[in-house]
Ligand SMILES: [Zn+2]
Ligand SMILES: [Zn+2]
């Protein structure tokens, strides 16, 4: 669809903030993308500008067109129109690292010496998924596993029980989740 409107009828457009492609009528004056369906915005005595038509309002109004709902509060917000399907995930800005001094050391780069391996914990969630996953992995590798909230809580209690056992607590006194009795 192609139609025309007077620029004066699009009051939200700040002409002084347009980039070169917008000023030359190549991209939408609101969102900066090439419109699928365009409206020509006629300026008196100047070249026409263009905008996405009303039927593409959802694309035009979103800073990232594929983000239809707000990010979870923990998301780092690093999203872009160009992100391919598998990259359309929320990732937490929060990330915790635990040194693993019993594991083999790792070299972070040439000439940087050897550093301890570590466990990393963070959150991620696909934009079409309804709950986050908790990632527990080894350093910067993809070796690790994803947990639900319940599984993470159970693992936390289990690790605490193992630490207490290592510290000398009697197995029969261990506090384990979900009614599990220690042997
Ligand atoms: Zn637009
Ligand atoms: Zn996000």
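The values are calculated or read from the model by the stated rules, or taken from the named source; none is laboratory data. Remember, predicted model here, so these are calculated numbers, not experimental data. Glycine also receives a Cβ, built like all others from the backbone with ideal geometry; neighbour counts cover every protein chain displayed.
Some observations on this one:
- Residue check for residue 152: out of contact with any helix residue (DSSP H, G or I) (no Cβ under 6 Å at 6 or more places or on another chain), modelled with pLDDT of 95 or more, over 30 Å from residue 65 (Cβ atoms) and part of a strand (DSSP E or B): no
- Qualifying residue in the range 47-64 (condition: surrounded by 14 or more Cβ atoms within 10 Å (Cβ to Cβ) and within 12 Å of ligand 2 (Cβ to nearest atom)): yes
- The set of residues in the range 111-128 that are without any contact (Cβ under 8 Å) to a residue 60 or more places away in the chain, within 16 Å of ligand 2 (Cβ to nearest atom) and within 13 Å of residue 91 (Cβ to Cβ) comprises 122, 123, 124, 125, 126.
- Hits in the range 87-99 - residues which are surrounded by fewer than 15 Cβ atoms within 10 Å (Cβ to Cβ) and touching a strand residue (DSSP E or B) at 6+ places or on another chain (Cβ under 9 Å): 93, 94, 95, 96, 97, 98, 99
- The range 76-97 residues that are under 19 Å from residue 66 (Cα atoms) and at pLDDT below 95, paired with ones that are away from ligand 1 (no atom under 16 Å from the Cβ) and in a strand (DSSP E or B) (beta carbon under 9 Å, 6 or more apart): 86/126
- Subset of the range 41-61 (residues that are more than 14 Å from residue 4 (Cβ to Cβ) and part of a loop (DSSP other than H, G, I, E, B)): 45, 46
- Within the range 21-46, being more than 32 Å from the chain's Cα centre (by Cα) and either buried (at least 20 other Cβ atoms within 10 Å of the Cβ) or within 12 Å of ligand 1 (Cβ to nearest atom) (or both) holds for 39, 41.
- Here the condition is being surrounded by fewer than 11 Cβ atoms within 10 Å (Cβ to Cβ), away from ligand 1 (no atom under 16 Å from the Cβ) and under 19 Å from residue 155 (Cβ atoms); of 119, 84, 131, it holds for 131 alone.
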